[in-house]
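The values are calculated or read from the model by the stated rules, or taken from the named source; none is laboratory data. Because the structure is predicted, anything quoted here is derived from the model rather than measured. Counting neighbours? That spans all protein chains shown, and the Cβs are built from the backbone with ideal geometry, glycine included. We work out accessible area using only protein heavy atoms, side chains counted, and drop any ligands, DNA or RNA first. Shrake-Rupley method; radii C 1.70, N 1.55, O 1.52, S 1.80 Å.
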Amino acid sequence: MDATDATGRNTPLITLREATVRGEAKHVVFSRINGIEKRTFFQTRLEASLHRDALLTKLQARGTEAFEQAAGMTVAQVWREFNLVRMPKLKEGNHKRLLLWWWGKFVAEHGPMDLCDIKPGHIDRFLSRPEWTGTTAKQGFDYLRLVWNWAVRYDLAERNPVLKIDVPARTTEHHLLSVKNVNRLLDLTAQNDRLRAWLVLGVFGGMRTSEVWRAKPEHVEETEILVPQTKSTDAAPRRRYVPILPALRRHLPADWDCLEEDFIKRGRTALAEKMKWEEWPQNCLRHTAASMHLAMWQDAGKTAFFLGHSSPQMVNKTYARAVRQSEAERFWGL
């Protein structure tokens with residue numbers, strides 16, 4: 001190798017190229033910094049262009065020394081790039097809302113820090129807040145890991161510190177309310193139409209939390225409630241009709257206002273305190289409705305239809321023999 005070749009190989013180079021990988025067209029950002037060559041593959045040209053521009057900006061601002069570490073970017077900057085590149089691909093729905101919520105909390109606490117300076121201890125302390133249960137912390141773990149994996153893939157971080165901590169232990173997910181509990185909750189919401197509607201749509205209608213949020217009085221028909229869109233993971237929006245069982249008809253108020261999380265959470269916390277619970281049991285309304293429905297009618301297919309599932313398999317696996325039929329009869333007679 002002559003001197004000209006050596007000089008050329010030490011000259012920083014960042015280019016956008018095309019390639020075919022296993023028969024599939026890819027966009028490649030090729031970089032050669034400090035003699036180290038890297039190829040990063042992307043599905044779209046937009047992703048590749050944004051990654052190339054980020055590398056060029058770092059090279060121009062801080063020189064080749066900035067590439068001696070994997071990142072050189074703050075937590076807030078990496079999150080901003082994720083929003084530019086990856087976020088537009090995510091469907092609107094609960095998954096995207098939770099991703100924004102968790103990273104909003106994390107950036108508020110650690111945003112100015114360099115990404116490479118975040119250690120497993122920072123993650124562990126962040127997820128160990130006393131007000132968060134194991135289930136909540138596990139959710140945060142998943143969303144922090146998701147963005148860090150993306151950062152590692154695109155050379156914005158050397159390693160994922162989230163993977164170095166123990167996965168938070170989930171609390172029991174399938175909380176079931178007793179008939180006594182439900183009767184008490186009905187008494188506590190007797191003077192609050194908003195909380196009453198939120199309560200009975202879940203516990204007597206078996207509706208998902210996101211479905212309850214979208215429910216409005218005008219969606220209530222003679223025998224069914226129209227849910228304009230099912231869960232956000234559906235490939236395409238589709239309607240669902242929730243059967244109005246007698247218990248739901250007896251307790252559903254004629255009118256109510258917004259049932260979204262921000263309008264409900266204070267009232268829900270107050271209900272939990274009056275029930276002498278440390279916090280509101282996650283998904284307890286829908287899980288109770290499912291178990292009581294299956295115990296009452298002994299028909300997994302009918303219960304799957306009631307819940308909006310496409311198959312009775314999950315119903316049989318999750319809710320079979322959860323409560324006695326005699327308890328279910330008292331529940332649906334409330």
Ordering Ile14, Ile264, Ile36 by the accessible surface of their heavy atoms, 1.4 Å probe, largest first, yields Ile36, Ile14, Ile264
Placing each pseudo-label 7 Å from Cα in the direction of the beta carbon, Tyr241 and Lys302 end up separated by a distance in nanometres of 1.8
Relative contact order in percent for the range 11-146 (Cα pairs under 8 Å, 6+ apart) equals 17
Computed curve, the range 243-300, Cα-only Debye sum without solvent term, log₁₀ I(q)/I(0) at 0.14, 0.21 Å⁻¹, is -0.57, -1.07
Here, Ser128 and Ser310, labelled 7 Å along Cα→Cβ, have an inter-label distance in nm of 4.2
Once normalised by the length of the range 121-186, the mean sequence separation of its alpha carbon contacts under 8 Å that are 6 or more apart gives a contact order in percent of 39
Judged on accessible area alone, 1.4 Å probe, highest first, Cys258, Cys284 line up as Cys258, Cys284
Once all protein chains are kept in place, Arg145 shows an accessible area at probe 1.4 Å, nearest 10 Å², of 80
So, relative contact order of the chain in percent, Cα under 8 Å, 6 or more apart, is 12
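Need the full-extension length gain, Glu279 to Lys105, defined as separation in residues times 0.36 nm minus the C-alpha distance. One decimal, nm.
Contour length minus the Cα-Cα distance gives 60.6 nm.
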If every Lys and Arg gets +1 and every Asp and Glu gets -1 at its Cβ, then about the Cα centre the chain yields a dipole, in debye to the nearest 20, of 540
Once Glu327, Glu278, Glu131, Glu222 are ranked on solvent-accessible area with the largest value leading and a 1.4 Å probe, the list reads Glu278, Glu222, Glu131, Glu327
Taking R0 as 30 Å and r as the Cβ-Cβ distance between Ala272 and Asp166, the FRET efficiency 1/(1 + (r/R0)^6), rounded to the nearest 0.05, comes to 0.60
Restricting to lysines and to Cα separations under 17 Å from Lys96, and discarding same-chain partners fewer than 8 apart, the set is Lys105, Lys138, Lys231
SASA check, Thr15, accessible area w/ 1.4 Å probe, all protein chains in place, rounded to nearest 10 Å², comes out at 40
Label model pair Asn94, Glu222: point-to-point distance (7 angstrom along the Cα→beta-carbon line) in nm is 3.2
Read-out Rg/Rh (Cα atoms, Kirkwood Rh), candidates (1) 1.05; (2) 0.97; (3) 1.10; calculated match is (3)
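If I take R0 = 51 Å and measure r between the Cβ atoms of Asn34 and Arg321 in this structure, what FRET efficiency does the formula 1/(1 + (r/R0)^6) give, to the nearest 0.05?
0.20
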Per the rule of 0.36 nm per residue minus the C-alpha distance, extending Thr44 to Asp142 adds in nm 32.7 nm
Under a 1.4 Å probe, counting only protein heavy atoms, Arg129 has an accessible area in Å², nearest 10, of 60
